[in-house]
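What follows is a structure written as structure tokens; I'll ask about it next.
The values are calculated or read from the model by the stated rules, or taken from the named source; none is laboratory data. Please read these numbers as outputs of a predicted model, since none were measured by experiment. Every residue, glycine as well, gets a Cβ built from its backbone with ideal geometry; the counts of neighbours run over all protein chains shown. With ligands, DNA and RNA removed, areas are computed over all heavy atoms of the protein, side chains included. Shrake-Rupley method; radii C 1.70, N 1.55, O 1.52, S 1.80 Å.
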Amino acid sequence: MSDKTIAFIGTGNMSYAIIGGMVKKGFAASNIIATNRNQEKLAKVAADFGVNTTSDNNAALRDADVIVLSVKPQMMGDLCKSFQDSGVDLSDKLFISVAAGLTVKRLREMLGQDVKMIRCMPNTPSLLGRGVSGLFGDGETADEHAFVQQVFECTGIAVWVEKESQINDIIAVTGSSPAYFFLFMEAIEEKAKALGFSDEDARRLVQQTALGAAEMAVSQPDISISQLRANVTSKGGTTHAAVEHLKAQGLTGTVADAMDACIARAEQMEQEL
Ligand SMILES: NC(=O)c1ccc[n+]([C@@H]2O[C@H](COP(=O)([O-])OP(=O)(O)OC[C@H]3O[C@@H](n4cnc5c(N)ncnc54)[C@H](OP(=O)(O)O)[C@@H]3O)[C@@H](O)[C@H]2O)c1
């Protein structure tokens, strides 16, 4: 594993998940620094993973090669300004932002110089090690690129995009999509209850089926999703009746339109922040 030192500025849910994944995958805890203004959160991450902790962001900035900016987007301006004023040389540091809606250009303006910058868009299942992280880099070396890939593979899979605008596409495809799946599960659960299943059974039935379907897709990568669906949809059978109804109601187009709405909102948020 790399001997780079990495500092997580703002160790909340997302940083905690990434740090946990890194330590589990063999990154040296001694090369990881976690900061927070809340001592209890620091005590927990130190106890759970044995990493270095400090409430002094500037000390972490000075000591690390890679700086993960992991505070809420609205707090990023103040944080970056404090780094600008810290007197620490930022020119050779690699910054990674996991904040939604803040472009590389905007982050560099906040930091006051054209630093090496990675934008990362993780999704919520990253908290369980089942995530997807979309990555866009500008100015990083090949070695740093490989390091960032390793870091985000600790919470699931990591996919690089070539153009920064594609980060908004990633939001539509993986960032927001756990909610699309939940909505579908919710609809099945609701109907199961209407059919007379208890709340507990309806929940268990839908979640186990979703898990089974996902496992079938993951365990058979050579079979297209479309073929997997066809394999369980005999012509004239019960599943066929249901699937044809969903298609006739325009499910595919509705999902595409929903994803376009998601991208449009992400673009709008970039203007607001
Ligand atoms: N959670 C997700 O699934 C997810 C997915 C995609 C992207 N993200 C992005 O990841 C970033 C972090 O999200 P999160 O869910 O981990 O948020 P979070 O749990 O609120 O973590 C941020 C932590 O940083 C602390 N903090 C704020 N300003 C600080 C400062 N100046 N110095 C030190 N610590 C500071 C906060 O303390 P206080 O509690 O005192 O405010 C909080 O504990 C956000 O930009 C979010 O948009 C998260």
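Considering only 173, 115, 255, give the residue with the highest GNM mean-square fluctuation for the chain, with springs between Cα atoms whenever their separation is below 10 Å.
Looking only at 173, 115, 255, the biggest GNM fluctuation is shown by 255.
Label-point separation (nm) for residue 84 and residue 159, each offset 7 Å from Cα along Cα-to-Cβ?
For residue 84 paired with residue 159, the spin-label model returns 3.5 nm.
Return the calculated 222 nm mean residue ellipticity for the chain, to the nearest 500 deg cm²/dmol, obtained by summing -39500 (n - 2.57) across DSSP H runs with n ≥ 4 and dividing by the residue count.
Working: 12 runs with 143 residues, N = 273.
One gets -16000 deg cm²/dmol as the mean residue ellipticity at 222 nm.
In nm, what is the difference between 0.36 nm times the number of residues separating residue 38 and residue 130 and their Cα-Cα distance?
Here the segment from residue 38 to residue 130 would lengthen by 30.4 nm.
Once you sort the root eigenvalues of the Cα gyration tensor of the stretch 105-156 as a ≥ b ≥ c, which label holds: rounded (a/c under 1.5), prolate (a/b larger than b/c) or oblate (the other case)?
Details: a/c = 3.55, a/b = 1.67, b/c = 2.12.
In terms of gyration-tensor shape, oblate.
At 7 Å along the Cα-to-beta-carbon direction for both residue 193 and residue 255, put a label point, then send me their distance in nm to one decimal.
Placing both labels 7 Å beyond Cα along the Cβ direction yields 2.5 nm.
Per residue, how much accessible area does the stretch 177-272 have with a 1.4 Å probe, in Å²? Could the numbers behind the result be given before it?
Working: 7360 Å² over 96 residues.
That works out to 77 Å² for each residue.
Picking from 126, 187, 241, whose Cα lies most toward the positive end of the charge dipole for the stretch 112-257 (charges on Cβ: Lys, Arg +1; Asp, Glu -1)?
Selected residue: 241.
How big is the antiparallel share of DSSP beta bridges in the chain, given as a percent to the nearest 5?
20
Compute the long axis of helix 238-248 from its Cα atoms, compare it with the longest principal axis of the Cα atoms of the chain, and write down the angle in degrees, 0 to 90, nearest 10.
60
Moving to a separate point now. So, by mean Cβ neighbours within 10 angstrom, what's the order for 3-15, 232-244, 155-167 with the highest one leading?
3-15, 155-167, 232-244
Roughly what would the spin-label model give for residue 230 and residue 213, points 7 Å off Cα along C-beta, in nm?
1.9
On the first, second and third principal axes, largest extent first, how far apart are the outermost C-alpha atoms of the chain in Å?
71, 39, 34
Moving on to the next point. Which FRET efficiency value, to the nearest 0.05, is calculated for residue 241 and residue 182 with the Förster distance at 30 angstrom and r the Cβ-Cβ distance?
Details: r = 25 Å, r/R0 = 0.83.
The pair residue 241/residue 182 has a calculated efficiency of 0.75.
Restricting to bridges with both residues inside the stretch 6-162, how much of the DSSP beta-bridge set is antiparallel, in percent to the nearest 5?
Details: 6 of 30 bridges.
For the stretch 6-162, the DSSP antiparallel bridge percentage is about 20.
Further question on the same structure: Magnitude of the Cβ-charge dipole of the stretch 193-273, K/R +1 and D/E -1, about the Cα centre, nearest 20 debye?
The calculation lands at about 460 debye.
Measure nothing fancy, just the Cα-based angle from helix 142-153's long axis to the longest principal axis of the chain, in degrees from 0 to 90, nearest 10.
Taking Cα atoms only, the helix is inclined about 50 degrees.
Given a 1.4 angstrom probe, I'd like the percentage of the accessible area of the stretch 177-272 that is carbon and sulfur, rounded to a whole number.
With neighbouring chains kept in place, the figure for the stretch 177-272 is 60 percent.
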